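This report concerns only the one structure given below.
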Amino acid sequence: MFESHQKPMFRFLAVLTAASMVGLQGYAILINNFAVESVHLEGKHIGIIQSVREIPGFLALTAVYVMMVIREHRLSAFSIALLGIGVGLTGFFPSFAGVTLTSLVLSFGFHYYETTNQSLTLQYFSTHLSPLVMGKLRSLAAISSIVAAGAIWVMGGFLGYRGMFLVLGGVVFCLGIWALFQDPTHESIPPQKLRMFLKRRYWLYYALTFMSGARRQIFMVFSIFLLVKLFHFSVREMTILFIVNNAINWFVNPLIGRAINAFGERLLCSIEYIGVVAIFLTYAYASSKGMVAAMYIIDSILFNFAVAIRTYFQKIADREDIAPTTAVGFTINHIAAVFLPALGGYLWMIDYRIPFIGGAALGVVSLVLAQFIRLPARTGQAAAH
């Protein structure tokens, strides 16, 4: 599947993606129960914390300037180590301020890694291979999430929140340190422009990325909080849900990559956004645990369709634009993230249905935008490099 110079990069990204998901999903499984049971937070607090957590995503464009002094793959490794530190320290600060601070640290690590991960994938793999690589990496992420959930299930029998956060963070930190000593790069890859810019012909990529970020906030913040706060899912029930969800995604994610190659980005995006409208309206009016759990799983599957936005960009982009435009895209993706969770948290206090109805409206706008997707004729750019 890969040429010889691509294998080290795939292995590098695979290890760091696994580490990222162990940290992030382990944190996601624990944080809502930790916030409710140990810190006694309400919806407005969760919204504020999530808004603060997304500030590093909004600042992702600064990764381009960091790359002036640190090579891109080294920044990836350092970011994973920072993610591990943030996760590991969470249980030591059981307060609103403490959770906010540690979430900010781990978020810088996660968002810088995601920026460089996407950039390196689009640089090192062709337009045909990149959907398949992203599918494989997301499948690996799902398996890693299952491992994290299984570890939490076991540790939950004899460790408290502090111990579980510390173990997960320690593993992630060690993998980040390992990656600092690796060099998976190849000199055939064109140098990237290390400056910020916007191009008119990328406008649809920017718009879809912005809407994807807004939709992601409803999924990540309020869907999980709905399960814990209104439907009273325990840590173990959340763990089982995460395991089932990620087992399904382990199987489905490679198929998404193949579907992009077979049917194109416009169809995949349209399916995602139609599903988003139906799912968010169901969240708003669901009346049973089984119904919201099923919606969470379907929502998670459709969330992975966002890969199509990245492969669409790769097909229309100049190769030297990939790293800076990916960083700008991450910032655009997080514009809504800075204010939407806090706003949604206050609206939740009025009526918990409001954030989900708003999410359905976002899905409608995204569906309209997706109809503008047009791809250039295949050229030599699509060849493996």
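Could you tell me whether the stretch 21-30 includes any residue that is polar (S, T, N, Q) and either in contact with a strand residue (DSSP E or B) (Cβ under 9 Å, 6 or more places away or on another chain) or not in a helix (DSSP H, G or I) (or both)? I'd like the intermediate steps shown before the answer.
The initial filter retains those residues of the stretch 21-30 that are polar (S, T, N, Q), namely 25.
Narrowing the set further to residues that are either in contact with a strand residue (DSSP E or B) (Cβ under 9 Å, 6 or more places away or on another chain) or not in a helix (DSSP H, G or I) (or both) leaves none.
No, the conditions are met nowhere in the stretch 21-30.
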* **Unmet criterion (only one of (1) in contact (Cβ under 8 Å) with a residue 12 or more places away in the chain; (2) surrounded by fewer than 18 Cβ atoms within 10 Å (Cβ to Cβ); (3) charged (D, E, K, R)) for Glu187** => (1)
* **So Val292, is it open to solvent by less than 10 Å² (accessible area, probe 1.4 Å) and touching a Leu at 6+ places or on another chain (Cβ under 7 Å)** => yes
* Test: residue in the stretch 150-173 that is under 29 Å from Met68 (Cβ atoms) and of a type in the set (Ser, Thr, Tyr) -> no
* Looking at this structure, is Ile224 of a type in the set (A, V, I, L, M), assigned to a helix (DSSP H, G or I) and within 18 Å of Ser144 (Cβ to Cβ)? -> no
* To do: Determine which single condition Thr90 fails, assuming it passes every other condition in (1) of a type in the set (Val, Ile, Thr); (2) farther than 30 Å from Phe125 by Cβ; (3) open to solvent by 20 Å² or more (accessible area, probe 1.4 Å).
  => (3)
* Asked: Has the stretch 226-236 got any residue that is under 15 Å from Met134 (Cβ atoms) and open to solvent by 30 Å² or more (accessible area, probe 1.4 Å)?
  -> no
* Looking at Val105, Val99, which is the one that is out of contact with any Leu (no Cβ under 6 Å at 6 or more places or on another chain), assigned to a helix (DSSP H, G or I) and without any contact (Cβ under 8 Å) to a residue 40 or more places away in the chain? -> Val105
* Considering each of Thr115, Thr102 in turn, give the residue that is surrounded by 18 or more Cβ atoms within 10 Å (Cβ to Cβ), of a type in the set (Ser, Thr, Tyr) and under 30 Å from Leu198 (Cβ atoms). => Thr115
* In the stretch 256-278, the residues that are at pLDDT 90 or above, under 23 Å from Leu129 (Cα atoms), of a type outside the set (Asp, Glu) and under 19 Å from the mean Cα position of the chain (by Cα) -> Leu268, Cys269
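Residues checked against (1) at pLDDT 90 or above; (2) over 25 Å from Ala60 (Cα atoms); (3) within 15 Å of the chain's Cα centre (by Cα):
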| position | (1), (2), (3) |
| --- | --- |
| Leu129 | no, yes, no |
| Gly135 | no, no, yes |
| Gly150 | no, yes, no |
| Gly163 | yes, yes, no |
| Gly169 | yes, no, no |
| Gln182 | no, no, no |
| Lys199 | no, no, no |
| Ala207 | yes, no, no |
| Phe219 | no, no, yes |
* Asked: Does the stretch 150-170 hold any residues that are open to solvent by less than 20 Å² (accessible area, probe 1.4 Å) and of a type in the set (Phe, Trp, Tyr), and which are they?
  -> Phe165
* Any chance Ile335 is β-branched (Val, Ile, Thr) and either more than 27 Å from Phe356 (Cβ to Cβ) or crowded, with 17+ Cβ neighbours inside 10 Å (or both) -> no
* Looking at (1) modelled with pLDDT of 90 or more; (2) surrounded by fewer than 24 Cβ atoms within 10 Å (Cβ to Cβ); (3) not polar (S, T, N, Q), which is the one condition that is false for Ile80? -> (2)
* Which residue pairs have Cβ atoms closer than 8 Å, lie 6 or more positions apart in sequence or on different chains, and pair a first residue in the stretch 242-261 that is among the basic types (Lys, Arg) with a second residue that is part of a helix (DSSP H, G or I) and open to solvent by less than 60 Å² (accessible area, probe 1.4 Å)? -> Arg258/Pro131; Arg258/Leu132; Arg258/Gly135
* Do we have any residue at all in the stretch 30-49 that's of a type in the set (Ser, Thr, Tyr) and closer than 30 Å to Leu198 by Cβ? -> no
* Which of (1) touching a Gly at 6+ places or on another chain (Cβ under 8 Å); (2) open to solvent by 10 Å² or more (accessible area, probe 1.4 Å); (3) farther than 28 Å from Leu367 by Cα is the odd one out, the single condition Arg258 does not satisfy? -> (3)
* If you check His40 against the conditions, is it without any contact (Cβ under 8 Å) to a residue 12 or more places away in the chain and either open to solvent by less than 30 Å² (accessible area, probe 1.4 Å) or not in a helix (DSSP H, G or I) (or both)? -> yes
* To do: Go through the stretch 4-17 and give me each residue that's farther than 12 Å from Gly84 by Cα and either in contact with a Phe, Trp or Tyr (Cβ under 9 Å, 6 or more places away or on another chain) or touching a residue at least 60 places away in the same chain (Cβ under 8 Å) (or both).
  => His5, Gln6, Pro8, Met9, Phe10, Arg11, Phe12, Leu13, Ala14, Val15, Thr17
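The values are calculated or read from the model by the stated rules, or taken from the named source; none is laboratory data. Note that the structure is predicted; figures quoted are calculated from it, not measured. So basically every Cβ, Gly included, is an ideal-geometry build from the backbone, and we count neighbours across all protein chains shown. Heavy atoms of the whole protein, side chains included, go into the accessibility calculation; ligands, DNA and RNA do not. Shrake-Rupley method; radii C 1.70, N 1.55, O 1.52, S 1.80 Å.
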